[in-house]
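Heads up, the thing below is written out as structure tokens.
The values are calculated or read from the model by the stated rules, or taken from the named source; none is laboratory data. Bear in mind the structure is a predicted one, so any value in this text is a computation, not a measurement. We place every Cβ from the backbone using ideal geometry, glycine too, and count neighbours over all the protein chains shown. Heavy atoms of the whole protein, side chains included, go into the accessibility calculation; ligands, DNA and RNA do not. Shrake-Rupley method; radii C 1.70, N 1.55, O 1.52, S 1.80 Å.
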Amino acid sequence: MTNKYMMSFFKAPVWNKAPLKVVNLFWVWLYVTMKWMQLGVDPDRDVGIKTKTEWLRKLTAEEAQRQFKGKNFDYVTPSGTFCYCDDKSRTAYSEAMCIDIDHLDDDSEAMERKVTPEDMKQLLLNDPYWGDKTLLMFTSPRGHGVKWFVEIDLTKCDYATWFKAIRNYLLSLGFGEKQIDSSVANESHACFISYDPDAYLRPDLYEFYI
């Protein structure tokens, strides 16, 4: 069963596994950019997302960042809608997948390719295959990566196979194992929503949702 580009929205903290409601990508984009303040569309009026993102990025210890993010950031399940946040509780696929790309500007030798999140967004948009299939992109909560939502066709292969294929493609472009997060391969993985006023939404989705 599919429900195109629809996903479940969960209020923080991350250990809250009961969804608040079903949302679409336009709603997520409005929330991430806070454009709803100008457009009059109200995704829960969480004006604290900007402050929470700024506070998170001031923390220097990785464990402190992880705990703060899990406690304070709302999240969605990009792969679809769920009655509870685990893989057994999916009610519909969204025909979308979110790939977590992180550590882009890490200076350690373990990082194969070093670019900024903004450069990464442009790289993906200009990709000969995935550019047109990119639905939504925004800078990740810590500020070192990109949340990349892409369109997938589940009639061709299953979710897990799509994840492996997309991840392998990014690795072939020169990015390292740690940069293309393999821990989010499960269908119910949480995608934290952070503030990014320059988040990208594929142009046809504005018309699709308004």
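Selection of the stretch 124-143 for residues being out of contact with any helix residue (DSSP H, G or I) (no Cβ under 7 Å at 6 or more places or on another chain) and surrounded by 18 or more Cβ atoms within 10 Å (Cβ to Cβ) yields LEU124, SER140. Selection of the stretch 67-82 for residues being part of a loop (DSSP other than H, G, I, E, B) and either more than 23 Å from TRP162 (Cβ to Cβ) or open to solvent by 50 Å² or more (accessible area, probe 1.4 Å) (or both) yields PHE73, ASP74. Restricting to the stretch 144-162, and then to whatever is aromatic (Phe, Trp, Tyr) and open to solvent by less than 10 Å² (accessible area, probe 1.4 Å), can you tell me which residue is farthest from LYS4 (Cα to Cα)? By that ranking, first place goes to TRP148.
Cβ-Cβ distances below 6 Å connect the following pairs, each with a first residue in the stretch 83-97 that is surrounded by fewer than 19 Cβ atoms within 10 Å (Cβ to Cβ) and of a type in the set (Val, Ile, Thr), a second residue that is in a strand (DSSP E or B) and at pLDDT 95 or above, and a separation of six or more residues or different chains: THR91/THR81.
Listed by first and then second residue, the pairs linking a residue in the stretch 133-162 that is over 25 Å from LYS114 (Cβ atoms) to a residue that is acidic (Asp, Glu) and buried (at least 21 other Cβ atoms within 10 Å of the Cβ), with Cβ atoms under 9 Å apart and 6 or more places separating them unless they lie on different chains, are TYR159/GLU187; ALA160/GLU187. Within this structure, VAL115 fails the test of being in contact with a strand residue (DSSP E or B) (Cβ under 8 Å, 6 or more places away or on another chain) and either modelled with pLDDT under 95 or open to solvent by 40 Å² or more (accessible area, probe 1.4 Å) (or both).
Considering only residues that are surrounded by fewer than 16 Cβ atoms within 10 Å (Cβ to Cβ) and closer than 27 Å to ASP204 by Cα, which ones fall in the stretch 165-185? Listed by number, the residues that qualify are ALA165, TYR169.
Taking residues in the stretch 29-56 that are among the aromatic types (Phe, Trp, Tyr), and partners anywhere that are open to solvent by 40 Å² or more (accessible area, probe 1.4 Å), the pairs with Cβ atoms closer than 6 Å and at least 6 places apart or on different chains are TRP36/ASP42.
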